[in-house]
Ligand SMILES: [Zn+2]
């Protein structure tokens, strides 16, 4: 069944109640700090935990509380995100500043990352800190800010599913080393460099390494290129990376994990999943 938000976005009040039900499915407030289920109502939708005295509201401690959008703006933005709208299109449709829409879209992507198999491990890693997850105070960086280190991901396809694994033990230098000394074929797609099969992975991929792209150019002609794959995840991802995002090193990790999510749910109604993701608590990253 496809989730239809039409009646929930008619007014801010309806949207708030709807989003509150996603956060508190039992209808009772749950304290995001201690998990307690007893709370006193205060003004303006806020409540105070009877256990630890923490004052909170439905979105406190949750991804949806990080972007400064109203509940109605959130629902409308998610519907656009689900159909792959750009941050520019979201900003125009909702009458938001581009930076506000971009930040909200980044929060959605972080919530997708957090729900993925290795998501919490990534958020806790130095890469996660660079993506904006500093403990619970999320701070999405400027989109063009360079990454201190360029991460390498492994792409593994099994049946209809893809797994995009962050490989903290590998660096772009390793890819270059495999290419030069072990004839691992590499190809380029703009700032993205990807490999042929490596151990259990269908491909290794990195984006924005000057070292890698510079030396690949130097050895072009004698390096075996990757055979273009016609089916599966990579053609799906490649087309979207080129079409939508003008991808930079900084944006790449979150986009790649978003594509993993979209590919694995390509036959599902993802709006309901996105809603659950932004309504969930930001994991404890300490
Ligand atoms: Zn509490």
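The values are calculated or read from the model by the stated rules, or taken from the named source; none is laboratory data. Keep in mind the model is a prediction, meaning the values are calculated, not measured. Cβ: placed from backbone, ideal geometry, glycine included. Neighbour counts: every protein chain shown.
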Query raised in the report: Restricting attention to the stretch 27-58, and to residues there that are more than 16 Å from the ligand (Cβ to nearest atom) and in contact with a helix residue (DSSP H, G or I) (Cβ under 9 Å, 6 or more places away or on another chain), which single residue is nearest to residue 120 (Cα to Cα)?
Result: 27
Query raised in the report: Of all residues in the stretch 70-101, how many are within 22 Å of residue 22 (Cα to Cα), assigned to a loop (DSSP other than H, G, I, E, B) and either within 16 Å of the ligand (Cβ to nearest atom) or under 18 Å from the mean Cα position of the chain (by Cα) (or both)?
Result: 1
Requested in this report: Find the residue count for the stretch 213-247, including only residues that are modelled with pLDDT of 85 or more and in contact with a helix residue (DSSP H, G or I) (Cβ under 7 Å, 6 or more places away or on another chain).
Outcome: 4
Report task. Among the residues of the stretch 3-26, count how many are surrounded by 12 or more Cβ atoms within 10 Å (Cβ to Cβ), without any contact (Cβ under 8 Å) to a residue 60 or more places away in the chain and not in a helix (DSSP H, G or I). Result -> 1
